[in-house]
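Read through the structure below, which is laid out as structure tokens, and then see the notes.
The values are calculated or read from the model by the stated rules, or taken from the named source; none is laboratory data. Because the structure is a prediction, the values reported are computed rather than measured. All Cβ positions, even for glycine, are placed from backbone atoms using ideal geometry, and neighbour counts span all protein chains on display. What goes into the accessible areas is simple: the full protein's heavy atoms, side chains included, and nothing from ligands, DNA or RNA. Shrake-Rupley method; radii C 1.70, N 1.55, O 1.52, S 1.80 Å.
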Amino acid sequence: MPAMAGKTLYDKIWDAHLVAEDAGEAILYIDLHLIHEVTTPQAFAGLRAEGRKVRRPDRTLAVADHNVPTEGQALGVGAVADEEARLQLQTLARNVADNGIEFFPMGDIRNGIVHVVGPEQGRTQPGMTIVCGDSHTSTHGAFGALAQGIGTSEVEHVLASQTLRQQKSRNMRVTVNGQLGAGVTAKDMALAIIGVIGTAGGTGHVIEFAGEAVRDLSMEGRMTLCNLTIEGGARAGLVAPDEKTFAYLLGKPSSPKGAAWDMAVSYWKTLFTDADAVFDREVVLDGPSIAPTVTWGTSPEDVVPITGNVPDPSTYDTPDKKAAVERALDYMGLTAGQPITDARIDRVFIGSCTNSRIEDLRAAAAVAQQAFLEGRLVADHVKAMVVPGSGLVREQAEEEGLDAIFKAVGFDWREPGCSMCLGMNPDRLAPGERCASTSNRNFEGRQGRGGRTHLMSPAMAAAAAIAGHIVDVRDFL
Amino acid sequence: MKPFTRLDGRAAPLGLANVDTDQIIPKQFLKTVDREGLAKGLFYDFRFDEQGQPKSGFVLNDPAYKGAQILIAGDNFGCGSSREHAPWALQDFGIQCVISTSFADIFRGNCLNNGLLTVELKPEEVQALMEEAKGGNHLFTVDLETQTVTAPSGAQFTFEIDKDRKHKLLKGLDAIGETLQHGVSIDVFEAKAALSRPWLERA
Ligand code: SF4
């Protein structure tokens, strides 16, 4: 290592937010704290019990997303049928009112999934430190912000002090060279990366994504990529900000305006990894060789290219691995070695903070429209739903007529929220149902007890809805 | 936070890798505004069948491990969602220490913030403990002061833990209270940031 190695982007953001060091931990200043109904009630209760106040309500933003039903939102919280969900939503409303925190309640057009709302409002900006009591906070790393999921004790800590106690992670870089092929998206890239590094591959690291294929991604694509960083075990993912980042942020409600904008941009331009910086770990992938990718098992690392087959347990040499694959195949109701495209699906879910932005909906609608022109609809045995990431995404999609396309082909067009990503609201899989899903976790029971989830891109999910089984979207192009 | 010093208790072996927090506590138990009472949801889909009847094969349903305070788990324990309900449920069930070869970062932090000790050992050491725990009815000892785990056979393994973390756990120190003692540094940081990055200040 050179005597004075340069800094990585992570190092720069870290150093700029260091308040103090105490007992071996850094006290890191937090620029933006996003909160929602599920991981905060105990934190506010803790504050009250200690007689503490929210230090920076102005740096805190609340949404209602995890629990909300995806229909009838205009009726308000009082109409939420699930009593426990209603109580959580009401508790959040009371806590934010008591503490003067900005809140987009259910039914507000600005409300939606927390990781869709932050960027859309321009609250997410390069160089910030951002936390939220949700592991997919890594999404905001797409803007070159250090964004991490935290637990409820930490939520309470941030509310009280606007800081987080933490030890620094190691630096890791994942470079994807070359260009992605037609029909291959950020989702496929992310799944391919997790397939290579494994779900614990990034543990203890912050991952910076680099390379031509990453730079080529739109902001939406970069959000999808960073969103899935946590499934590779890393708490945060980063993409250095560039002109695309600035163009996305220009004119957003909370973006800097006028002279402040120019000042912000000149600061944002300093946010990159120095050429002589050293990473603790480097992984390099070849972009052109990434195929549309789906998961076959119950962990996001269980990936297979769409042209591939489900693995055969007998080909693994360790008994543990063999048993794990057998268990996953059994849960998923798949036969060892079968082509993945033979898997017949029952449900399709297009949504979640991974893939519910306007570009995702456009990609899915393009496939749906193509099918419609060929006289094809959602397969008879398939129930398919589209859940936009926010009220504003929904509105935009309707202005573009995407909802009409979806409805014409047989998709259910819903109101925004986390929905079937985790099935805390009424949208969930029945036992044994197989779902082509654009979400982020294919864990056992994630989308409903006994439900079987295959993760894939929005275009792939739309194609599966039409075909009635998992299928290569490139056959539709 | 309750201090953690030394624990003498039964250990239950859970030999699965990549157990995620959705499995530790499924979503239907997250709709609570309290920290208490989450034991009923712990490993729900492992413990109960569709009719809500206990499944006989699952280790925590086996009377031999009744009252276990230590869980010996497979690799990458606690991956997935950041839900702190996972350590709360483990604690409410009586588990005070989890031993594995590795833990997901957010989960480990959540455990330690609640005084639930996570012990990382080498694969062969975890395997050895797993073997000894089989059959139950044994006493294991986890001593944070000496950073050791002692199995019934007398086999002893040493684990690493950050010295400041250890101090906090031993004393049961509240992280928020500690941080708020740095209030002046936070004030100074905010004042400087308002000058150097003024666009972040919302009128
Ligand atoms: S969409 Fe899913 S992953 Fe994203 S915030 Fe909601 S529950 Fe979490």
Cβ-Cβ under 6 Å pairs, at least 6 apart or on other chains, the range A:102-128 side at positive phi and within 14 Å of another protein chain (Cβ to nearest Cβ), far side among the polar types (S, T, N, Q) and assigned to a loop (DSSP other than H, G, I, E, B): A:122/A:254; A:122/A:255
Name the pairs: first residue in the range B:78-102 and more than 19 Å from residue A:138 (Cβ to Cβ) and within 16 Å of the ligand (Cβ to nearest atom), second residue part of a helix (DSSP H, G or I) and open to solvent by 10 Å² or more (accessible area, probe 1.4 Å), Cβ to Cβ under 9 Å, at least 6 apart or on different chains? B:85/B:29
Can residue A:149 be described as within 11 Å of chain B (Cβ to nearest Cβ), touching a helix residue (DSSP H, G or I) at 6+ places or on another chain (Cβ under 9 Å) and of a type in the set (Gly, Ala, Ser)? yes
Given (1) away from chain B (no Cβ under 12 Å); (2) open to solvent by 10 Å² or more (accessible area, probe 1.4 Å); (3) in a helix (DSSP H, G or I), identify the lone condition not met by residue A:208. (3)
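Residues checked against (1) farther than 16 Å from residue A:114 by Cβ; (2) more than 9 Å from chain B (Cβ to nearest Cβ); (3) more than 22 Å from the chain's Cα centre (by Cα):
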residue	(1), (2), (3)
A:10	yes, yes, no
A:21	yes, yes, yes
A:29	yes, no, yes
A:48	yes, yes, yes
A:51	yes, yes, yes
A:72	yes, yes, yes
A:82	yes, no, yes
Selected residue (criterion: surrounded by the most Cβ atoms within 10 Å (Cβ to Cβ)) from residues of the range A:435-459 that are within 12 Å of the ligand (Cβ to nearest atom) and among the small types (Gly, Ala, Ser): A:437
When residue B:64 is evaluated against the numbered criteria (1) of a type in the set (A, V, I, L, M); (2) outside any loop (DSSP other than H, G, I, E, B); (3) under 27 Å from residue A:424 (Cα atoms); (4) more than 17 Å from the chain's Cα centre (by Cα), which criterion, by number, is the only one it fails? (3)
Where residues in the range A:306-321 are free of Cβ contacts under 8 Å to residues at least 24 places away in the same chain and not in a loop (DSSP other than H, G, I, E, B), which of them is most open to solvent (accessible area, probe 1.4 Å)? A:320
How many residues of the range A:383-418 are within 16 Å of the ligand (Cβ to nearest atom), among the hydrophobic types (A, V, I, L, M, F, W, C) and assigned to a loop (DSSP other than H, G, I, E, B)? The answer is 2
Within the range A:341-378, residues being more than 24 Å from the chain's Cα centre (by Cα) and β-branched (Val, Ile, Thr) number 2
Sort out for me the helices (runs of 4 or more DSSP H) sitting completely within the range B:76-171 that have 1 or more residues that are open to solvent by 10 Å² or more (accessible area, probe 1.4 Å), more than 27 Å from residue A:235 (Cβ to Cβ) and within 13 Å of chain A (Cβ to nearest Cβ). B:123-133
Taking only the range A:97-136 into account, find how many residues are assigned to a helix (DSSP H, G or I) and within 16 Å of the ligand (Cβ to nearest atom). 9
Of the residues A:135, A:153, which single one is open to solvent by less than 10 Å² (accessible area, probe 1.4 Å) and not aliphatic (A, V, I, L, M)? A:135
